[in-house]
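I have placed the structure first, in the form of C-alpha cells, so that the comments after it can refer back to it.
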Amino acid sequence: MTEPELVEQDGVGVPDALQRLWTPHRMAYIRGQDKPDGDEPGGCPFCRLPGLGDDKRALIVARGETVFAVLNLYPYNPGHLMVVPYRHVADYPDLTVDETRELAEFTQHAMGVIRAVSAAHGFNIGMNQGVIAGAGIAAHLHQHLVPRWGGDANFMPVIGHTKVLPQLLGETRDLLAGAW
C-alpha cells in the first residue's frame, strides 16, 4: 500500500497522515433524525414490527407467546439482538410473570443459538430503563443481548468512531433464525 499524499488544507493546517473511513449514513442515527420515541401512536417500532407480516424484513429472529427476538438495527456487534415483549410496557416491574419468564427463557435460548452459529466468547446483557439511563426507545422495554469475542473492542470504535460489522443484518437474521 502506498502512503497517501499529504496535502495541506486551508484552515486545517498540516495533515496527520491518517486515512479516513467516512460513514455519513450514520449521521442520521447520531443526530436522532426520525428517531421514534415509542410514545406516539403507531410510532413505536417494537409495536409495529411484529405486524409487518414479514419477519425477514422486520429482522425478527423468533417469536414467542409474549415476547419476540429482533436484531438491533444499529448493532454493537454481529448478532446483537433484543428480546422485546409484544405488550407496550416501559418498566421492568410492569411485566407480567409470564412475560418475565419468557423474556428470560428467550435470552437463555438466544445465547445458545448465538454460541452455536458464531462461537461467541461472552455476552453483555442488559436493559436501559428510561431516557436518562440511555434507553433509545424508553417507552417500550427491550433487553439487549450483545455477543462478545476476544479482541472485538478494537481501535475503530475508539479512534475512528466507526464499528466494523463483517455481516449484513439480513444474513445474520437468516443464520440466527435458521438455528433457532
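The values are calculated or read from the model by the stated rules, or taken from the named source; none is laboratory data. Everything quoted here is computed from the prediction, not taken from an experiment. For neighbour counting, all protein chains shown are included, and Cβ atoms are generated from backbone atoms with ideal geometry for every residue, glycine included. With ligands, DNA and RNA removed, areas are computed over all heavy atoms of the protein, side chains included. Shrake-Rupley method; radii C 1.70, N 1.55, O 1.52, S 1.80 Å.
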### Query
Is it true that VAL117 is among the β-branched types (Val, Ile, Thr) and either modelled with pLDDT under 95 or farther than 17 Å from PHE46 by Cβ (or both)?
yes
### Query
Checking THR66 against (1) modelled with pLDDT of 95 or more; (2) open to solvent by 50 Å² or more (accessible area, probe 1.4 Å), which single condition isn't satisfied?
(2)
### Query
ALA110 is checked against (1) closer than 24 Å to LEU169 by Cβ; (2) without any contact (Cβ under 8 Å) to a residue 40 or more places away in the chain; (3) touching a strand residue (DSSP E or B) at 6+ places or on another chain (Cβ under 9 Å) and fails just one. What number does that condition carry?
(2)
### Query
Which ones in the stretch 103-134 are assigned to a loop (DSSP other than H, G, I, E, B) and surrounded by 18 or more Cβ atoms within 10 Å (Cβ to Cβ)?
ALA120
